[in-house]
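The values are calculated or read from the model by the stated rules, or taken from the named source; none is laboratory data. Bear in mind the structure is a predicted one, so any value in this text is a computation, not a measurement. Every residue, glycine among them, receives a Cβ derived from its backbone with ideal geometry; neighbour counts consider all protein chains shown. Ligands, DNA and RNA are excluded from the accessible area calculation, which covers all protein heavy atoms including side chains. Shrake-Rupley method; radii C 1.70, N 1.55, O 1.52, S 1.80 Å.
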Amino acid sequence: MLTYILSFLPLSDQKEASLVSWAWYRAAQNALRETDVRYNIPVSSASLSAIKSLGLRGICCISLTNVDGSPASYQVLQSVAYHLGPHLQSLSLGGGSPTEASFVALILGCPALCVLDLSGCNSLFTSGTLLAQPEMAQSVRQALSGLRELNLAGLRDLADLSFNRLSSCAPSLERLSLAYCHLTFELGPVRGSISPQDSSPSQFSFRNLLRFVQERAGRLRALDLSGTGLPPEALQALGQVAGLQLQELSLHSCRDLSTEAVATLCFQQPGLTSLDLSGCSELTDGALLAVSRGLRHLRRLSLGKLQRLTDAGCTALGGLRELQSLNMAECCLVRGRELAQALGSVHGAPSQLACLSLAHCSSLKDASVLSMIPALGLSLRVLDLSSCVALTNRTLQAICTYLTHLSVLRLAWCRELCDWGLLGLEEPLQGTQPRPELEHQASGTKDPCPEPQGPSLLMLRALQELDLTACSKLTDASLAKVLQFPQLRQLSLSLLPELTDKGLLAVAGGCPSLEHLALSHCTRVSDKGWAQAASSWPRLQHLNLSSCSQLTEQTLDAIGQACRQLRVLDVAMCPGINMAAIRRFQAQLPQVSCVQSRFVGGADLTLTL
């Protein structure tokens, strides 16, 4: 029963619950066997005992960091293969530099792998000899017979031969990422015969990739070609492969793609449920119209940085009835009126929309957003309006009225937000004096702050992430009253010049579960505030205090004593904190990565320790 109850809690809460008693500890360990929990294991001799313990618990999803060719890495990989290998389903070596021998030995010990991440592991492909021996390749093929997903993103040395050898060892592959790999394209990629004999030992060609897709068309479901420079004719050749029925396709930052090519793709692959066209800067409204007409079952659509997209194209969104996630960040010509009409369309509203990003849509105004918000419905969980600089408190109060189930709200750089907006108070008439109870009390002798009323931020009881970066009109008067979220995990109050120790203490009392906290450039926060606030955040893992000019090593002492789970600390440009204080802090908490800057010869030097 305890295991069942704990399975509903976030990972950090499960860890806290495990400290209650041995029974709770065992129940938490069982709950932590969930397949979607990934364990990050640094490669060092200190991790060997942890690997053995994870093996006894049957953990099946891990990520190894700092893998290299050292004896210590080889020992760790051996330990992983022995203790975790028989039941390991997901393995990430992303960004590491394993040797070919240690990699093969690890894979042979993991016969149940379904997901393998080799992104950025260039050391495996530099020589071009990976799996060149037939006997070794056959053994690896047996081990990877059940592999469903392979991530080869960011491999600068990937070539046809090495790709063919590795992919031939994964006959069940369904998902492939080649994002930001260097693909070469020839004119007329579908002309002439394409065979393995044409494979290049030194470059990765689209012709070779196309041959792979043709061979695996009946099984391949997801493909990521982001950042590969895919031209329109190559996309057309890919889409028309016989038997290919893609469900997910990512073409992020393929800047040469045309509206016509996307329209053809939508006709060729009508079964797509996820499409990423962000950064394809040549696309126009016609692309969105083609998506709406051709991809009726689309659930996730990303159109970020399409600077030629206008309101006219947004009218097509009403036809995507199954849409769950929409990203239109940095579409600077979108004003929102047609978007609001599309989302509120009776016949085609995406009532299942759970995630909406309109960040950096600087043309958005209150009027259009206010008409949009009621149509979004209670299914919405994530809303990003960062840098929509024209939005005011009217938008915030509409959010607090209609979107009470939000778990993530990002309003960074919405500089028109004021205290009365967060508190749910009526806007003072233009030309009248501000409410005296909201004026900043410099003397600190009185606390006249009113209680929240109406649609205040407190209505969003399910919030787990809140970003109010650079909402510079906010003060302690509202923050101390409305930041009362026991479930909040991430909070950014950076660049709030009026935040003081009083506001810091109120946030500490109201948001005790914080794991990520950003207070960069909060110049009125002092050592005195942190001496009292630090003890309220035992779960804090990432803390940004850069450019907090009043802080000294006393704050480091308070944090070091109270925040024992801290992993990253940024104290760059804090003049009162020197390198000696940083080193003493890291001696106390050696697992913490610290960022500290200082001026050397007139230049700013940033150090990561």
For the chain, calculated [θ]222 nm from helices alone, where every DSSP H run of n ≥ 4 adds -39500 (n - 2.57): -8500 deg cm²/dmol
Loop sites in the stretch 125-165: trypsin sites (Lys or Arg not before Pro), DSSP, at most 13 other Cβ within 10 Å: Arg156
Degrees separating the helix 553-562 axis from the principal Cα axis of the chain, which is the longest one: 70 degrees
Translational diffusion of the stretch 486-595, µm² s⁻¹ [Kirkwood Rh, Cα pairs; Stokes-Einstein; 10 °C; 1.306 mPa s]: 118 µm²/s
Cα-based reach from Lys528 at 14 Å (exclusive), listing aspartates and glutamates while leaving out same-chain residues under 8 positions away: Asp501, Glu553, Asp557
Mean shadow area of the chain over all directions, Cα convex hull, nm²: 31.1 nm²
The chain - share of DSSP beta bridges that are antiparallel (%, nearest 5): 10 percent
Exposure ranking of Val80, Val115 by accessible area [1.4 Å probe, largest first]: Val115, Val80
Reachable lysines from Lys365, criterion Cα separation under 23 angstrom, eight or more residues apart if same chain: Lys305, Lys473
Solvent-accessible area, 1.4 Å probe, carbon plus sulfur percent, for the stretch 220-372: 48 percent
Inter-label distance for Arg219 and His405, nm, one decimal - labels placed 7 Å from Cα along Cα-to-Cβ: 3.8 nm
For q = 0.12, 0.19, 0.23 Å⁻¹, Debye-computed log10 I/I(0) when each Cα of the stretch 303-416 counts as one equal scatterer: -0.34, -0.93, -1.46
Whole-Å semi-axes of the stretch 443-536's equivalent ellipsoid (Cα gyration tensor): 18, 17, 13
Heavy-atom surface of the chain, accessible at 1.4 Å and reported per residue (Å²): 43 Å²
